[in-house]
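Scroll down for the structure; my scribbles are underneath it.
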Amino acid sequence: MILSTVARRLAAASLTAAALAAPLLMSPTAHADSRETLLFLTVSGSENTWIRGIALECPATSQGHHPRAAEACAALDEAGGDFDTLPGDPHLCPLFHDPVTVTAKGTYNSDTVDWQRTYPNACAMEAAAGPVFAF
């Protein structure tokens, strides 16, 4: 069976995200510190033309890499770890189609997280997800 170009790109992006997340999610220091929340977040563009990812630890630490970690952790806490109910940053967005897909994998308060959603464009993502995927 021959995979389409889109399917191959999606598979490659998923493998890349998994490879980048594995050391973060399985590192002995993560377990030794007994952090309750450790997530690997990704944002990818239309047809996976680009992808970026980052780890988010909550509570936020000065050693973390997420540029808005404290705000992202607060938003997750407000939503009770439910990515579908993030408080976001509601605002009007233009009606153009340039899909953005976001994923979250890892743990939130020791519960396993494996979540994905596609928004019509980056503005819609920002309005719905707020600081969590703002990196």
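The values are calculated or read from the model by the stated rules, or taken from the named source; none is laboratory data. Since we're looking at a predicted model, the values are computed, not measured. Every residue, glycine as well, gets a Cβ built from its backbone with ideal geometry; the counts of neighbours run over all protein chains shown. The accessibility values were calculated without ligands, DNA or RNA, using every heavy atom of the protein model including side chains. Shrake-Rupley method; radii C 1.70, N 1.55, O 1.52, S 1.80 Å.
So which pairs qualify, if the first residue must be in region 66-87 and within 17 Å of Asp111 (Cβ to Cβ), the second must be open to solvent by 90 Å² or more (accessible area, probe 1.4 Å) and among the charged types (D, E, K, R), the Cβ gap must be under 7 Å, and the two must be at least 6 apart or on different chains?
Gly81/Asp111
Quick check on region 98-135: of everything there that is in a helix (DSSP H, G or I) and among the small types (Gly, Ala, Ser), which residue is nearest to Pro67 (Cα to Cα)?
Gly130
Being in contact with a Cys (Cβ under 6 Å, 6 or more places away or on another chain), assigned to a helix (DSSP H, G or I) and free of Cβ contacts under 8 Å to residues at least 40 places away in the same chain: is that true of Cys93 here?
No.
If I ask for residues that are open to solvent by less than 80 Å² (accessible area, probe 1.4 Å) and not in a helix (DSSP H, G or I), which ones from region 58-90 would you list?
Cys58, Ala60, Thr61, Gly64, His66, Ala79, Gly80, Gly81, Asp82, Leu86, Pro87, Gly88
I'm trying to understand the selection: among the residues of region 91-113, which are open to solvent by 80 Å² or more (accessible area, probe 1.4 Å), among the charged types (D, E, K, R) and farther than 15 Å from Val132 by Cα?
Scanning region 91-113 gives a single hit, Asp111.
Could you tell me how many of the residues in region 23-52 are at pLDDT below 50 and either touching a strand residue (DSSP E or B) at 6+ places or on another chain (Cβ under 8 Å) or in a loop (DSSP other than H, G, I, E, B) (or both)?
6
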